[in-house]
Amino acid sequence: MKIYIAKNSGFCKGVEHAVDTALSLETQNAYILGEIIHNYEVVNAIKEKGLKVIDNLDEVPDNSTVVFRSHGVPKNYYSECQRRDIKIVDCTCGFVKRTQKIVAEQSEQGKFIVIAGEPTHPEVVGLLGWCGNNAVVVSDENHIPHILYDKNVCIVSQTTFSATKFEKIIENIRKSV
């Protein structure tokens with residue numbers, strides 16, 4: 001039997017950076033906001049090292065350190081940390097940061113933001129926090145919200161969302177507006 005390893009196997013650069021950063025941190029008074037990545041072994045290694053994985057920024061004590069995982073966080077988390085003297089170790093993936101910038105700029109210009117992705121995925125929740133009030137998440141290419149029918153939209157995608165579904169969502173939005 002021959003085993004072939006794909007040229008691009010393993011973690012992407014953003015995830016690799018987040019994991020390496022988390023594993024290199026001093027553990028005292030340090031927290032990770034959510035699982036650094038969706039990988040049981042890595043999450044356990046981080047917990048065994050002594051870093052505390054928490055689900056909500058409110059769980060981080062003032063004057064502590066918090067790691068923002070590769071999925072990113074809503075924009076207001078940065079100001080909240082500054083207000084509470086919480087040091088941020090920002091491991092947001094570069095692709096996610098670029099999408100955050102796009103939705104923030106396009107939202108400020110009055111565009112209605114459409115995020116193709118899973119509504120409860122941490123990346124999508126984070127992106128919504130950069131959009132203002134004019135945004136919607138579309139996860140089903142066959143159900144385009146009626147609210148989009150007369151809007152000038154900007155469409156982005158969760159980085160791990162199906163490219164095929166994303167293209168179909170774009171196609172169906174074009175048909176409906």
Q: May I ask you to list pairs of residues, at least six apart or on different chains, whose Cβ atoms are under 8 Å apart, with the first in the stretch 37-53 being farther than 11 Å from L23 by Cβ and the second being aliphatic (A, V, I, L, M) and in a helix (DSSP H, G or I)?
A: I37/V15; I37/A18; I37/V19; I37/V43; V53/V43; V53/I46
Q: Test I144 against the stated conditions and say whether it is at pLDDT below 95, outside any helix (DSSP H, G or I), hydrophobic (A, V, I, L, M, F, W, C) and in contact with a strand residue (DSSP E or B) (Cβ under 7 Å, 6 or more places away or on another chain).
A: yes
Q | Matching residues in the stretch 83-92 - criterion: being assigned to a loop (DSSP other than H, G, I, E, B), farther than 20 Å from V124 by Cβ and open to solvent by less than 50 Å² (accessible area, probe 1.4 Å) | A | R84, I86
Q) Among E123, E167, E80, E105, which is the only one that is part of a helix (DSSP H, G or I) and under 20 Å from H38 (Cβ atoms)? A) E123
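Quick grid of which residues meet (1) open to solvent by 20 Å² or more (accessible area, probe 1.4 Å); (2) charged (D, E, K, R):
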{"site": "N39", "(1), (2)": "yes, no"}
{"site": "K47", "(1), (2)": "yes, yes"}
{"site": "L51", "(1), (2)": "no, no"}
{"site": "D62", "(1), (2)": "yes, yes"}
{"site": "T65", "(1), (2)": "yes, no"}
{"site": "R69", "(1), (2)": "yes, yes"}
Q. In the stretch 1-37, which residues are surrounded by 10 or more Cβ atoms within 10 Å (Cβ to Cβ) and out of contact with any strand residue (DSSP E or B) (no Cβ under 9 Å at 6 or more places or on another chain)?
A. F11, C12, K13, G14, V15, E16, H17, V19, D20, L23, I37
Q) What is the number of the single condition among (1) open to solvent by less than 50 Å² (accessible area, probe 1.4 Å); (2) within 14 Å of the chain's Cα centre (by Cα) that V136 does not meet? A) (2)
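Yes or no, residue by residue, for (1) hydroxyl-bearing (S, T, Y); (2) over 24 Å from V15 (Cβ atoms); (3) surrounded by 20 or more Cβ atoms within 10 Å (Cβ to Cβ); (4) in contact with a Leu (Cβ under 8 Å, 6 or more places away or on another chain):
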| position | (1), (2), (3), (4) |
| --- | --- |
| T120 | yes, no, no, no |
| E123 | no, no, yes, no |
| P145 | no, yes, no, no |
| E171 | no, yes, no, no |
| R174 | no, yes, no, no |
(Q) Conditions first: (1) under 30 Å from G50 (Cβ atoms); (2) touching a helix residue (DSSP H, G or I) at 6+ places or on another chain (Cβ under 7 Å); (3) assigned to a helix (DSSP H, G or I). T99 passes all but one, so which condition is the exception? (A) (1)
Q) Restricting the first residue to the stretch 154-170 and requiring it to be of a type in the set (A, V, I, L, M, F, W, C), which pairs with a second residue that is part of a strand (DSSP E or B) and open to solvent by less than 30 Å² (accessible area, probe 1.4 Å) meet a Cβ separation below 6 Å and a spacing of at least six or different chains? A) C154/I113; I155/V114; V156/I115; F161/A116; F166/A116; F166/S157; I169/A116; I169/V138
Q. What is the one condition in (1) more than 29 Å from C12 (Cα to Cα); (2) of a type in the set (D, E); (3) within 21 Å of the chain's Cα centre (by Cα) that D150 does not satisfy?
A. (3)
Q) Based on what the data block shows, is I115 of a type outside the set (S, T, Y), touching a Leu at 6+ places or on another chain (Cβ under 6 Å) and either modelled with pLDDT of 95 or more or open to solvent by less than 50 Å² (accessible area, probe 1.4 Å) (or both)? A) yes
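The values are calculated or read from the model by the stated rules, or taken from the named source; none is laboratory data. Because the structure is a prediction, the values reported are computed rather than measured. As a convention, Cβ positions derive from the backbone with ideal geometry for all residues, glycine included, and neighbour counts pool all protein chains shown. Remember, those area values only see protein heavy atoms, side chains included, never the ligands or the DNA or RNA. Shrake-Rupley method; radii C 1.70, N 1.55, O 1.52, S 1.80 Å.
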